[in-house]
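S.K.: Before I ask anything, let me first share the structure, which is written out below as structure tokens.
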Amino acid sequence: QVQLVESGGGLVQPGGSLRLSCAASGSILSANFMGWYRQGPGTGRDFVADIPTYGSASYAVAAQGRFTISRDNAKNTVYLQMNSLKPEDTAVYYCNYRQIGLEVWGQGTLVTVSS
């Protein structure tokens, strides 16, 4: 099994920045994807960004140019640097881990963008 522990959410003013972290532990395969999804008030869970063990990241349109996903393979940790945050970025952000035959979700971390 794989476990995910997220951190870094909180309250930030519009235009501010936050960095989310997600550490994976357990039976981790060398080839995997780690990423972030979010669920705003009254909406479904939407893709934000993901990144493979080795290779290029993918972003949702809403995240391009403002968010950057990165990972530290030695620590099995993925990061989401969020800049120029907007009130519409307010959501619970979920870490996602995928490998062959397995998909795991984190518990979610709340990001609130408000003045």
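The values are calculated or read from the model by the stated rules, or taken from the named source; none is laboratory data. This structure is a prediction, so every number in the text was calculated from the model and none was measured. Here the Cβ positions follow ideal geometry from the backbone for every residue, glycine too, while neighbour counts run over all protein chains shown. Heads up: the accessible areas ignore ligands, DNA and RNA and are worked out on the full protein's heavy atoms, side chains in. Shrake-Rupley method; radii C 1.70, N 1.55, O 1.52, S 1.80 Å.
S.K.: One residue is enough: does segment 62-69 have a residue meeting the conditions of a type in the set (Lys, Arg), surrounded by 12 or more Cβ atoms within 10 Å (Cβ to Cβ), free of Cβ contacts under 8 Å to residues at least 60 places away in the same chain and not in a loop (DSSP other than H, G, I, E, B)?
M.R.: The answer is no; no qualifying residue exists.
S.K.: Exactly one condition in (1) under 16 Å from residue 2 (Cβ atoms); (2) assigned to a strand (DSSP E or B); (3) open to solvent by less than 60 Å² (accessible area, probe 1.4 Å) is false for residue 98; which is it?
M.R.: So residue 98 meets the others, but not (3).
S.K.: Which one is surrounded by the most Cβ atoms within 10 Å (Cβ to Cβ), of the residues in segment 70-80 that are within 17 Å of residue 2 (Cβ to Cβ) and in contact (Cβ under 8 Å) with a residue 12 or more places away in the chain?
M.R.: Checked segment 70-80; the qualifying residue surrounded by the most Cβ atoms within 10 Å (Cβ to Cβ) is 78.
S.K.: Follow-up. Return the only residue of 29, 11, 4 being over 21 Å from residue 86 (Cβ atoms), surrounded by fewer than 17 Cβ atoms within 10 Å (Cβ to Cβ) and of a type in the set (A, V, I, L, M, F, W, C).
M.R.: One residue alone meets the criteria, 29.
S.K.: Going through 89, 50 one at a time, which residue ends up being open to solvent by less than 20 Å² (accessible area, probe 1.4 Å), of a type in the set (D, E, K, R), closer than 19 Å to residue 11 by Cβ and in contact (Cβ under 8 Å) with a residue 24 or more places away in the chain?
M.R.: 89 is the lone residue from the list that is open to solvent by less than 20 Å² (accessible area, probe 1.4 Å), of a type in the set (D, E, K, R), closer than 19 Å to residue 11 by Cβ and in contact (Cβ under 8 Å) with a residue 24 or more places away in the chain.
S.K.: Would you be able to say whether some residue in segment 49-57 is aromatic (Phe, Trp, Tyr) and assigned to a strand (DSSP E or B)?
M.R.: No; the residues of segment 49-57 include none that is aromatic (Phe, Trp, Tyr) and assigned to a strand (DSSP E or B).
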